[in-house]
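The structure appears below as structure tokens.
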Amino acid sequence: MDFKKELKEIGIYIVIGLLLAFTINTGLAYFLGTDKPVMAVVSNSMVPTLNKGDLVIVKGVDTLQIDKGDVIVFYNPFQSVEVVHRVIDIKEKNGKLLFYTKGDNNTTNRLSDQIAGIAPPISDHFIRGRVVLTIPKLGWFRVIISSVV
């Protein structure tokens, strides 16, 4: 087989793989009701519940359906990152729910991320959804890419 033909076939497989990944992600986003349906865990903050490199499936939920103890994904505007942490408290202020979170492995005097100053209280527009499924180790590609970029 000639080299140019092999490169062309590899390129076709890469394009097909990317299109397939995009289609699956878009379909999951639609069915799960969130713009970020698949995420990789990029730190050890949730060990032993979630490990670095795990892949999580996220379902968009109404914030009224979130309870203490749920593992959620939210956007942290302090650090401009998505975070996967457990809800440890929910408070109401001015008719809005505020969520206080903490990584299971974070020992910051057992304080929430918000009291420790790691993140602001999480309001509904920062919440991406609740973790509904974990697939161990499938997120390592994303972890490696995020550490390089």
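The values are calculated or read from the model by the stated rules, or taken from the named source; none is laboratory data. These numbers come from a predicted model, not from an experiment. A quick note on method: Cβ atoms are made from the backbone with ideal geometry, for glycine too, and the neighbour counts reach across all protein chains shown.
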Just to be sure before I move on: is ASP89 more than 19 Å from VAL38 (Cβ to Cβ), assigned by TED's automatic domain parsing to the domain that holds LEU55, touching a residue at least 60 places away in the same chain (Cβ under 8 Å) and acidic (Asp, Glu) in the structure I sent? no
Looking at ASN25, ASN51, ASN105 in this structure, which one is out of contact with any strand residue (DSSP E or B) (no Cβ under 8 Å at 6 or more places or on another chain) and closer than 20 Å to GLY129 by Cα? ASN51
VAL143 being in a helix (DSSP H, G or I), touching a residue at least 40 places away in the same chain (Cβ under 8 Å) and surrounded by 13 or more Cβ atoms within 10 Å (Cβ to Cβ): yes
The residue that is farthest from the chain's Cα centre (by Cα), considering only those in segment 42-98 that are of a type outside the set (Val, Ile, Thr) and in a helix (DSSP H, G or I), is LEU64
Any chance segment 24-39 includes a residue that's surrounded by 14 or more Cβ atoms within 10 Å (Cβ to Cβ), closer than 18 Å to ASP113 by Cβ and touching a helix residue (DSSP H, G or I) at 6+ places or on another chain (Cβ under 9 Å)? yes
For ILE66, state whether it is farther than 23 Å from GLY27 by Cα, touching a residue at least 12 places away in the same chain (Cβ under 8 Å) and buried (at least 16 other Cβ atoms within 10 Å of the Cβ). yes
Hey, among the residues in segment 80-99 that are surrounded by 14 or more Cβ atoms within 10 Å (Cβ to Cβ) and of a type in the set (Asp, Glu), which one's nearest to PRO121 (Cα to Cα)? ASP89
If you go through segment 12-67, how many residues are among the charged types (D, E, K, R) and farther than 15 Å from ARG142 by Cβ? 4
Working only within segment 105-139, note down all residues that are within 19 Å of the chain's Cα centre (by Cα) and either outside the structural domain of GLU82 (by TED's automatic domain parsing) or surrounded by fewer than 16 Cβ atoms within 10 Å (Cβ to Cβ) (or both). ASN105, PRO120, SER123, ASP124, HIS125, VAL132, LEU133, ILE135, PRO136, LYS137, LEU138
